[in-house]
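The values are calculated or read from the model by the stated rules, or taken from the named source; none is laboratory data. Since the structure is predicted, the reported quantities are computational estimates derived from the model, not experimental observations. Here the Cβ positions follow ideal geometry from the backbone for every residue, glycine too, while neighbour counts run over all protein chains shown. The protein model used for the area step is the full one, side chains on, heavy atoms only, and it has no ligands, DNA or RNA in it. Shrake-Rupley method; radii C 1.70, N 1.55, O 1.52, S 1.80 Å.
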Amino acid sequence: MIVVAGVLYGLGIRSLAKRGVRWSLRRSAGFYVLGLGSFAVIEFGFLGVYSQELRFAFTTRIALLLFAVPGLIATGKPVALAREALSGSVRGSAVLERVLESRVIGIMGNAVFGPVFALAAFSVFLTPIAGSLRSSAVAQDIITVLVPLVGLVLVLPLTELVVVRTSLFIAAEFMLAFVELVVDAIPGILLRLNDQILDHAGPVLGAVPAWFPTALRDQQLSGDLLWFIAEVADIPILILLFVRWSKHDRSEAKGLDDLTDDEMAALTEAHLKSFTQRPPD
């Protein structure tokens, strides 16, 4: 995954360079060092090594792959790079725009869907399904590929404004995001406070390091870290929503300022007519 993503991003930079366009070095560093680098640290480091043996390594790994890695990859603006690189190809550009404007991206690319999806996904840790996933090598490989991709679909529309929203919709997203700031913590809290092993997984077989926690302490650590990550991950979403709201408001204000007096009068008249033509309650 690291090689494929790195090569594709590099090909995009090379395509721009051939046309004399220079891509930002800061964005490239964000993609390669922060984005792919964080993915490598998670998968090749402690969390990846002990993901099958330790509950807290497993849950923390998934949470970071879903939230942290996509957010750091987004600092490299891969969608903007793809648009620039494909701007010379009518067919390629059209395909990319159709994907970005698809219903799936439209649904997943709003700030309401992300926390709700995270709540549903993290609730799996409260069931025996988590134990089965953790012990399966195949499931671990699927998680490595699928979770960051889903995270990118959730994050990129917010960071690169690929989905057009109205001011009312953005305001609704902003208010609901505050509610989800509390709701997202539920799986982590339940893991932390429960005194029963919820995933029903058996003990680790064979010799284990002396520092390995007990099954209950392992679950409690899992809840602590999941609770913390879920809360922290909502803060950038709130910031992004505020920034998007501000940009959209400035854009609408500029559009109104650019109207002539006659156009403004016609717009006001049409707006007033829409109220007078409504049937009485």
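One table, with the values for the structure above:
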| read-out | value |
| --- | --- |
| Qualifying residue in region 46-60 (condition: under 29 Å from VAL116 (Cα atoms), under 19 Å from the mean Cα position of the chain (by Cα) and aliphatic (A, V, I, L, M)) | no |
| Which numbered condition ALA120 misses (of (1) modelled with pLDDT of 80 or more; (2) surrounded by 14 or more Cβ atoms within 10 Å (Cβ to Cβ); (3) among the aliphatic types (A, V, I, L, M)) | (2) |
| Members of region 182-200 that are charged (D, E, K, R) and farther than 20 Å from LEU216 by Cβ | ASP184 |
| Of all residues making up region 124-142, the number that are touching a Pro at 6+ places or on another chain (Cβ under 7 Å) and open to solvent by less than 40 Å² (accessible area, probe 1.4 Å) | 1 |
| Test result for ALA74, modelled with pLDDT of 90 or more, under 19 Å from GLY37 (Cα atoms) and aliphatic (A, V, I, L, M) | yes |
| Close pairs from region 44-70: first acidic (Asp, Glu), partner open to solvent by 30 Å² or more (accessible area, probe 1.4 Å), Cβ under 8 Å, at least 6 apart | GLU53/VAL204; GLU53/VAL208; GLU53/PHE212 |
| Residue satisfying all of: in region 47-81; hydroxyl-bearing (Ser, Thr, Tyr) and part of a loop (DSSP other than H, G, I, E, B); least open to solvent (accessible area, probe 1.4 Å) among these | SER51 |
| Unmet criterion (only one of (1) under 18 Å from the mean Cα position of the chain (by Cα); (2) part of a loop (DSSP other than H, G, I, E, B)) for TRP23 | (1) |
| Looking only at region 21-45, and only at residues there that are of a type outside the set (A, V, I, L, M) and in contact with a helix residue (DSSP H, G or I) (Cβ under 6 Å, 6 or more places away or on another chain), the one that is surrounded by the most Cβ atoms within 10 Å (Cβ to Cβ) | GLY35 |
| Matching entry among LEU225, LEU221 (being more than 30 Å from ARG103 (Cβ to Cβ), assigned to a helix (DSSP H, G or I), out of contact with any Gly (no Cβ under 8 Å at 6 or more places or on another chain) and at pLDDT 90 or above) | LEU221 |
| Test result for GLU43, among the charged types (D, E, K, R), over 15 Å from the mean Cα position of the chain (by Cα), at pLDDT 95 or above and closer than 25 Å to GLY202 by Cα | yes |
